[in-house]
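The values are calculated or read from the model by the stated rules, or taken from the named source; none is laboratory data. Everything quoted here is computed from the prediction, not taken from an experiment. As a convention, Cβ positions derive from the backbone with ideal geometry for all residues, glycine included, and neighbour counts pool all protein chains shown.
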Amino acid sequence: MESQKSFNTLRHEIIIQNKNGVNFILAASICWLLIAIVWQLPYSDKQRALFTFFCTAPLMPLAWIFSKVFKTVWKIENNPLNELGLWLNFAQLFYFPFVFIFFNQNPSQMVMALAIITGAHFFPYGWFYKTKSYSVMAGVISVGTAILGTRTIDTPSFFVAAFMVSCLLVLSLWTFSSYKSVRSQE
């Protein structure tokens with residue numbers, strides 16, 4: 001029983017100090033906004049797909065900036081769960097070969113593949129941060145982008161990226177609200 005309490009204490013510390021990862025979600029929403037803009041530019045699908053990769057580059061610097069705004073902590077010393085959060089994020093990298101296949105074979109659908117992977121990787125964070133927001137939005141994003149990406153006739157990648165921005169903004173509000181709820185119980 002003592003180890004369970006210790007585990008819950010460690011997880012609570014992550015929730016409070018990381019504020020449910022809201023800085024990363026807001027940073028991602030800006031990257032996806034850039035992706036939506038790219039897919040409105042008058043370039044070939046292959047060029048826009050390449051530019052899409054570039055749009056993801058500012059994620060970490062933006063997350064760092066938002067960490068200063070929200071006063072979140074990136075590395076919580078003496079908390080082994082801190083490393084788990086990083087590993088949960090790295091797991092999505094193993095799915096990136098699918099993105100590269102779409103880039104090479106069907107670049108107009110690459111954004112959909114990237115969005116599905118991004119959305120799906122949120123699922124375990126529902127458990128990690130003890131909030132339904134990540135788990136629910138993982139399903140909404142994955143299924144929603146698959147539907148938009150395969151059913152939208154004109155500029156599916158733009159609609160997928162715009163949908164991602166909307167979902168990430170909802171997720172950021174929901175996760176921050178969950179954090180505030182936990183914080184108010186202290």
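Working only within segment 83-120, note down all residues that are within 21 Å of residue 29 (Cβ to Cβ) and among the β-branched types (Val, Ile, Thr).
Matches in segment 83-120: 99, 111, 116, 117, 118.
Go through segment 151-185 and count every residue that is free of Cβ contacts under 8 Å to residues at least 24 places away in the same chain, closer than 25 Å to residue 16 by Cα and charged (D, E, K, R).
The qualifying residues number 1.
Test residue 56 against the stated conditions and say whether it is surrounded by fewer than 17 Cβ atoms within 10 Å (Cβ to Cβ) and either modelled with pLDDT of 95 or more or among the β-branched types (Val, Ile, Thr) (or both).
Answer is yes for this residue.
Give me the helices (runs of 4 or more DSSP H) completely within segment 1-100, filtered to those with at least 1 residues that are farther than 29 Å from residue 113 by Cα, charged (D, E, K, R) and touching a Lys or Arg at 6+ places or on another chain (Cβ under 7 Å), ordered by residue number. Quick ask: steps written out before the conclusion?
Working: elements: 2-18, 22-38, 45-55, 59-70, 80-90.
In segment 1-100, the matching helices (runs of 4 or more DSSP H) lie at 2-18.
Determine which member of the set 11, 48 is of a type in the set (Lys, Arg), on the phi < 0 side of the Ramachandran plot and at pLDDT below 95.
Going through 11, 48 in turn, the sole match is 11.
This table checks each residue for (1) exposed (fewer than 15 other Cβ atoms within 10 Å of the Cβ); (2) among the hydrophobic types (A, V, I, L, M, F, W, C); (3) at negative phi.
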position	(1), (2), (3)
52	no, no, yes
62	no, yes, yes
66	no, yes, yes
73	no, yes, yes
76	no, yes, yes
80	yes, no, yes
83	yes, no, yes
86	yes, yes, yes
91	yes, yes, yes
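For segment 119-137, give me each residue that is crowded, with 21+ Cβ neighbours inside 10 Å and assigned to a helix (DSSP H, G or I).
Listed by number, the residues that qualify are 119, 125, 133, 134, 137.
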